[in-house]
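> I'd like to ask you about the structure that follows.
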Amino acid sequence: MKFNTKTIHGGQVNIDPAYGSVMPPIYQTTTYSQTTPGGHKGYEYSRSANPTRTALENALASIENGEFGLAFGSGLAAIDAVLKLFKPGDEIISTSDLYGGSYRLFRQIFEGFGIKFHFINMQDASNIEGYINNNTKLIWVETPTNPMMNIIDIAATSKIAKKHNILMAVDNTFATAYLQQPLDLGADIVMHSATKYLGGHSDVVMGSLVVNDRELADRLYFIQNASGAICGPQDSFLVLRGIKTLHIRMQRHCENGEKIARFLRTHPRVGKVYWPGFEDNPNHDIAKKQMSGFGGMISFTTIEETLESAVKVVENLKVFTLAESLGGVESLAGHPASMTHASIPEAERLKTGVVDSLIRLSVGIEDEEDLIEDLKQALG
Ligand code: P1T
C-alpha cells in the first residue's frame, strides 16, 4: 500500500466487526465484561488497551512502516516511556538543539534519576562516536530540530548506533511520516508529538512511539501500562481522523512553507532565515536525501537582532496567531526564547542559535497571499 492510501486505510481492517461502521467507534469505556475470570475478548481495562486506541496505534505503525504503535497522553509522555527503558549509570546522547520540554525532561527529571546526558551537535555524524562509551544506551535525534531546523543524517547516525549496539530514537514531529520515515533509515524508535501534524487541528495533546522489534515493543508496552500515561478514546479518534488527511495537509504546509521562506529571505527587515529547503543551507543535501519535502516550519531573526524587534513582529501579526505549538491547519508564530524554549538556560540556548530575536513560524494551510501580506505588515 502506498503512503496516501495508508493514511486512510493503514492498519484499519475489521475496525467495527459489530456494525461495519466506516469510522472506528469511540469505545468510551474503562472496563469490559468477562464471562469468567480472564474470559474476555482481548480487552479488560482501558489503561492496558482500548479498541479505539488500538485502531489509532495500528494506523500509527502503518504510516511509519513499523510493526508496533503505542499512543500516549502527550509527546513528552511518549519520550518519558522511552527513557524508562534505562537505569542509573546509563548514558544518552542527544541533539543539543531540541524542544525545550524534551530538554527539561532529560535534565530536570531523568538526570536526577542518575541517567547522564550529552547534548551535542550531530549535524556532523562523526561527532557522535567521541561521546560513546560502554554505558551509552541511546542516541536521541530530533530532525528537523526545534527551533533551528537543523537536519541530522538519520542513516549515518543509525549506522553508528548499530555498530555500538545502541538504540536510536528519532523525534519525527516536524517532518512526520509523510516527509521522512526514520525506521526505514535504520532508527529503532520513532516518536511523535501527535499534538502537532498528526492531529493537525490543534485540538488534541498526544504522543506516539512506533518500533519494529517485538521485544522492544513489549518493554515499551509494559511501561505504557505500568506507568499509565495513555490517551483517551475520544482523543484517539480525533488523531486517527487527523491522520486520514495528513498527506494533503503536509503537501500544502510544504508549498506554503517554501513560499514564505523565500519571501522572508528577500525582506529587508529579516536577518537569518532557517529552512532546510534553501539550496545553500548547510544541511540541504541531507534534507534532500532523507526527506521528500521541507515542511512548514521556519525560523528567522529580525535584522535588528533585538528582543524588542521580535516581540513587536509577533505582536503585530494578525493571521498568524502568537501561540505555542505547531502543525495545525492555522498558522502560528512563536518566540522560542520566551515560550517553547524558556526552560533551557540562556547560555545553552544561545549556543544553539536560539537568540532573543528568533521567531518561529508554523505555516498553516491558508492562502499563501494572506500569510505573506500578514508578515509584510507585521515586519513593516
Ligand atoms: O507537547 P507534547 O505533545 O508533549 O510534545 C512535546 C514535543 C516533543 N517533540 C517536539 C519536537 C515538540 O515540538 C514537542 C512539543 N512542542 C511544542 C509544544 C512547541 O511549540 O514546540
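> Ranked highest first by the average count of other Cβ atoms within 10 Å around their residues, in what order do 149-161, 130-142 fall?
149-161, 130-142
> Starting from 0.36 nm per residue, how many nanometres of slack lie between Arg265 and Lys244 once their C-alpha separation is accounted for?
The span from Arg265 to Lys244 would gain 4.2 nm if fully extended.
> Counting other Cβ atoms within 10 Å, keep those with at most 15, restrict to DSSP loop, and tell me which chymotrypsin sites (Phe, Trp or Tyr not before Pro) in the range 1-40 are left.
In loop regions of the range 1-40 (DSSP not H, G, I, E or B), the sparsely surrounded chymotrypsin sites (Phe, Trp or Tyr not before Pro) are Tyr19.
> Sticking with this structure for a sec: Given charges of +1 on the Cβ of Lys and Arg and -1 on the Cβ of Asp and Glu, with all other atoms neutral, how large is the dipole of the chain about its Cα centre, in debye to the nearest 20?
Result for the chain is approximately 680 debye, rounded to the nearest 20.
> Hey, another quick one. Ignoring ligands, DNA and RNA, what percent of the accessible area of the chain is carbon or sulfur (1.4 Å)?
Of all accessible area on the chain, carbon and sulfur atoms account for 51 percent.
> Same structure again: Residue by residue, what Karplus-based ³J(HN,Hα) values in Hz, rounded to whole numbers, does the range 186-193 have, using 6.51, -1.76 and 1.60 with θ = phi - 60° and x for Gly and Pro?
x, 5, 8, 9, 10, 10, 9, 7
> Arranged from highest to lowest average of other beta-carbon atoms within 10 Å per residue, in what order do the peptides 33-41, 250-258 appear? Intermediate values should be presented prior to the final figure.
Details: 33-41: 8.9, 250-258: 20.8.
Per-residue Cβ counts within 10 Å, averaged per peptide and sorted highest first, yield 250-258, 33-41.
> Using amide H atoms built 1.01 Å from N in the peptide plane, name the residues 5+ places from Ile115, or on other chains, whose amide H lies under 5 Å from its own.
Gly89
> Out of residues 5 or more away from Asn150 or on other chains, whose amide H comes under 5 Å of its own, with H placed 1.01 Å from N in the peptide plane?
Correct list: Thr145.
> Among the listed pairs Lys312/Lys351; Lys2/Lys84; Lys2/Lys137; Lys137/Lys288; Lys41/Lys84, which have their C-alpha atoms separated by more than 32 angstrom in this model? Could the numbers behind the result be given before it?
Working: Lys312/Lys351 24 Å; Lys2/Lys84 34 Å; Lys2/Lys137 34 Å; Lys137/Lys288 29 Å; Lys41/Lys84 30 Å.
From the list (Lys312/Lys351; Lys2/Lys84; Lys2/Lys137; Lys137/Lys288; Lys41/Lys84), the Cα-Cα distance tops 32 Å for Lys2/Lys84; Lys2/Lys137.
> So how far, in whole Å, is the C-alpha centre of the range 131-149 from the one of the range 61-119?
The distance from the Cα centre of the range 131-149 to that of the range 61-119 comes to 10 Å.
> Taking 0.36 nm per residue of separation and subtracting the Cα-Cα distance, what length does fully extending Lys87 through Lys162 add?
In short, 25.0 nm is gained.
> State, as an integer percentage, the relative contact order of the chain based on alpha-carbon contacts under 8 Å between residues 6 or more apart.
Reported relative contact order: 17 percent.
> With every protein chain present, what is the per residue accessible area of the chain (1.4 Å probe, Å²)?
Here the residues of the chain average 42 Å² of exposed surface.
> Here's another thing I want to ask about it. Length gain on complete extension for the stretch Phe113 to Thr31, per 0.36 nm per residue less the alpha carbon to alpha carbon distance?
Numbers: separation 82, 0.36 × 82 = 29.52 nm, distance 3.38 nm.
Fully extending the segment from Phe113 to Thr31 adds 26.1 nm.
> Within the range 1-74, list the GluC sites (Glu not before Pro) lying in a DSSP loop whose Cβ has at most 10 other Cβ atoms in a 10 Å radius.
Passing sites in the range 1-74 do not exist.
> In nm, to one decimal, how far is the modelled label at Gln234 from the one at Asp124, with both set 7 Å along Cα→Cβ?
In this crude spin-label approximation the distance works out to 5.2 nm.
The values are calculated or read from the model by the stated rules, or taken from the named source; none is laboratory data. Computed from a predicted model, the values in this text were never measured in an experiment. Neighbour counts are summed over all protein chains in view; Cβ atoms, including those assigned to glycine, are modelled from backbone coordinates with ideal geometry. Areas reflect the complete protein model, heavy atoms only, side chains present, ligands, DNA and RNA absent. Shrake-Rupley method; radii C 1.70, N 1.55, O 1.52, S 1.80 Å.
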